[in-house]
Amino acid sequence: MSYSDRATPSVEILSNGLTLVTAPAVTTGVATVAVHVGVGFRSEPADYSGMAHFFEHLMFGGSANVAPGGHFAAVESVGGRVGGHTRHDYTELFDVVPAHALGEVVGLEADRLSEPRLDPETLRTQLGVIRAELEQVGATPYGGFPWRFLPPTMYSTHPNIHDGYGDLDTLATVTPGHAARFFATWYAPHRIVVTLEGDLRPSALAAARESLSAIPASPDSDEGEIDVSEPPRQRDRHEVVRARNIPEPVWAVGFRLPDPRRNPLVFAACTALATLLPVHDPAAGITARSGWFGTPADARSPDPLVLSTHPRHGVGGDQLIEMVRELLAPWRDGRPRPAVLETAPARLRLWQYQRAERPAHRARRLGATQLLFGDPLFDHTVDPARALDRDLLGAAAEHLLGQAVGSILVLPSEADAT
């Protein structure tokens, strides 16, 4: 999708409390609907770990006026596509469709945001889909690395440790009543952001606003709020585990990023370092990412900067942690090779362009940052290209070096190693 003109997004709160972001753009006749709900892996009840991800699947199981599978069928029948993800602090649902179908698709979203199908058969069906997803992750080489392995070494509280899939045997005990209570609490309109982006025709916008405003309001309370704060580590922690989907040993270390709301420029500089470190010291063979899934500012604090590598035989976790600190030290001390900074703006812009080419990327980021930070343009605030100042990069390295870290070495399972 290519854009020749983009209007500044507008944000409005509808009468039921739902936040609507509209972002017109000149496209090739395409529009995107992105729904962001304020519940994710770590903001779900501890006694039903995995419920946020379970509910993402339930939202595709039909609704009051849409049969199971009907949402997919309706979108695909006009040549569109559907997607969904559960992240640490939100659940995301999105549709990419021809512009003329926008009003109809928003109607589909409003229907499931009003009354999803939560009968026993739907619960059983979607739990089976999750079991199959987990099997696929387990069979994929390096599936779930590092986000399913590293958090217990970085953090100590349940919201930040668990991987979001939860215990499927516990989820199998979820009743329609449990699901209805979860929906009423977490899918209340005041916890939802809907973003409409692309070719937004006035008639479609009017229909969309009418559909979304008809979603029943819920009491605006703090019921269900989960504390996701995390005390800083006092000392380094390194663990070794085995997994059946790991062909060769792989290691990762996690640093805590600064809070992007309190220190956006140092956060941005940390993101810049994630791009520059592998280039600055290619012999180390590391990869780096800002955020668990490589998207900066995709979660509230705490959020990690993760560096990983395939270690040489016999190299231990302490040695690898020290190696990474040695990579960061020149940046803190003002000693990186000038050529790295000379090419940094081009590298960052290419990286951003590659991300922007993903389907529905702009709508999804506008909605996510509005939900997380109250600003659909928050990505501009933490743009790493704004943080290539030498002092800012030094401050970022100092922030990372001034903390204890968690690291994990994942080895092939005993069966795979023999």
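The values are calculated or read from the model by the stated rules, or taken from the named source; none is laboratory data. Every value quoted in this text rests on a predicted model; they were computed, and no experiment measured them. Using ideal geometry, Cβ is built from the backbone for each residue, glycine included, and neighbour counts are taken over all protein chains shown. Ligands, DNA and RNA are stripped out before the accessible areas are found, and what is left, the full protein with its side chains, is counted by its heavy atoms. Shrake-Rupley method; radii C 1.70, N 1.55, O 1.52, S 1.80 Å.
For the range 234-255, filtered to residues that are in a loop (DSSP other than H, G, I, E, B) and touching a Phe, Trp or Tyr at 6+ places or on another chain (Cβ under 8 Å), the residue that is most open to solvent (accessible area, probe 1.4 Å) is Pro247. Would you confirm whether or not the range 29-46 contains a residue that is within 24 Å of the chain's Cα centre (by Cα), more than 15 Å from Val106 (Cα to Cα), at pLDDT 95 or above and of a type in the set (S, T, N, Q)? Among the residues of the range 29-46, not one is within 24 Å of the chain's Cα centre (by Cα), more than 15 Å from Val106 (Cα to Cα), at pLDDT 95 or above and of a type in the set (S, T, N, Q), which makes the answer no. Only residues that are touching a Gly at 6+ places or on another chain (Cβ under 8 Å), assigned to a loop (DSSP other than H, G, I, E, B) and closer than 20 Å to Trp292 by Cβ were counted in the range 23-38, giving 0. Looking at the range 300-418, the helices (runs of 4 or more DSSP H) lying wholly inside it that each contain 2 or more residues that are within 30 Å of Leu93 (Cβ to Cβ) sit at 338-356, 361-373, 378-381. Please go through the range 72-83 and give me each residue that is open to solvent by 20 Å² or more (accessible area, probe 1.4 Å) and in a strand (DSSP E or B), ordered by number. Within the range 72-83, Arg81, Val82 meet the criteria. Note on the range 256-273: among residues that are open to solvent by 10 Å² or more (accessible area, probe 1.4 Å) and in a helix (DSSP H, G or I), the one that is farthest from Asn160 (Cα to Cα) is Leu265.
Leu393 falls short of the stated requirement of being in contact with a strand residue (DSSP E or B) (Cβ under 6 Å, 6 or more places away or on another chain) and open to solvent by less than 50 Å² (accessible area, probe 1.4 Å). Among the residues of the range 326-350, count how many are closer than 14 Å to Leu273 by Cβ and β-branched (Val, Ile, Thr). Summing the residues that are closer than 14 Å to Leu273 by Cβ and β-branched (Val, Ile, Thr) in the range 326-350 gives 1. Can you find even one residue in the range 13-22 that is open to solvent by 20 Å² or more (accessible area, probe 1.4 Å) and either within 23 Å of Ser301 (Cβ to Cβ) or part of a strand (DSSP E or B) (or both)? Yes, that holds for at least one residue. The set of residues in the range 35-90 that are of a type in the set (Ser, Thr, Tyr) and within 25 Å of Arg358 (Cβ to Cβ) comprises Ser43, Ser77, Thr86, Tyr90. Residue-level analysis places Val315 among those that are of a type in the set (A, V, I, L, M) and closer than 21 Å to Ile246 by Cα.
Quick grid of which residues meet (1) surrounded by 17 or more Cβ atoms within 10 Å (Cβ to Cβ); (2) within 15 Å of the chain's Cα centre (by Cα):
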position	(1), (2)
Gly291	yes, yes
Gly294	no, yes
Asp303	yes, yes
Trp331	yes, no
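Within the range 105-116, the residues that satisfy the criterion of being open to solvent by 10 Å² or more (accessible area, probe 1.4 Å) and in a helix (DSSP H, G or I) are Gly107, Leu108, Asp111, Ser114.
Here Arg233, Arg181, Arg201 are screened, and the one residue that is in contact with a Ser or Thr (Cβ under 9 Å, 6 or more places away or on another chain) and of a type in the set (Lys, Arg) is Arg233. Taken together, the residues in the range 188-221 that are farther than 30 Å from Arg6 by Cα and either crowded, with 16+ Cβ neighbours inside 10 Å or in contact (Cβ under 8 Å) with a residue 12 or more places away in the chain (or both) amount to 6.
Apart from one condition, Asp95 fits all of (1) acidic (Asp, Glu); (2) open to solvent by 20 Å² or more (accessible area, probe 1.4 Å); (3) in contact (Cβ under 8 Å) with a residue 40 or more places away in the chain; the exception is (2).
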